[in-house]
Amino acid sequence: MFEPLPTLPVPLELRAMFPEGGLVRGRTVLCSGDAAVAMALRVVSSATQAGSWLGIVGVHNVGVQAASEHGVALQRVVFVQPASSSRTEWVNTVAAAADGFDVLMLEVP
């Protein structure tokens, strides 16, 4: 028998975009284009409101006010900046963040 995958919630208006009806742990969702950061913040907003922790790793153009306006629970957000701009440092930082956060928002260098 098929068992549904456990998901983290997404806003009601975005659920149709996700086959499982929410964010599946371990999966990657790509937001691109001019509104990529705004869309990513909206996608993760319900998960933070439900108690999930969000790690924002290396994203330079995201602000606290923008996150709040898109519904992100700011008390559940940690901004993480790799110590240097090397790819190895970025990979190590993302790996460590993946162990500690329910949801990650990344900017690949």
Next item on the list: Hey, can you tell me all the residues within segment 71-101 that are of a type in the set (D, E, K, R) and at pLDDT below 95?
Entry: R87, E89, D99
Notebook entry, point to check: Under 7 Å by Cβ, and 6 or more places apart or on different chains, what pairs join a residue from segment 30-54 that is without any contact (Cβ under 8 Å) to a residue 60 or more places away in the chain with one that is among the hydroxyl-bearing types (S, T, Y) and open to solvent by less than 30 Å² (accessible area, probe 1.4 Å)?
Noted result: L54/T48
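Got a number for residues in segment 3-27 being over 18 Å from M39 (Cα atoms) and free of Cβ contacts under 8 Å to residues at least 24 places away in the same chain?
Of the residues in that region, 7 qualify.
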Note to self: Kindly evaluate V24 against the criterion of being within 11 Å of the chain's Cα centre (by Cα) and of a type in the set (A, V, I, L, M).
What the structure shows: no
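The values are calculated or read from the model by the stated rules, or taken from the named source; none is laboratory data. Note that the coordinates shown come from a computational prediction; the quantities given were computed from them, not determined experimentally. No Cβ is skipped: glycine too gets one built from the backbone with ideal geometry, and neighbour counts run over all protein chains shown. Side chains included, ligands, DNA and RNA excluded: accessible areas come from the protein's heavy atoms. Shrake-Rupley method; radii C 1.70, N 1.55, O 1.52, S 1.80 Å.
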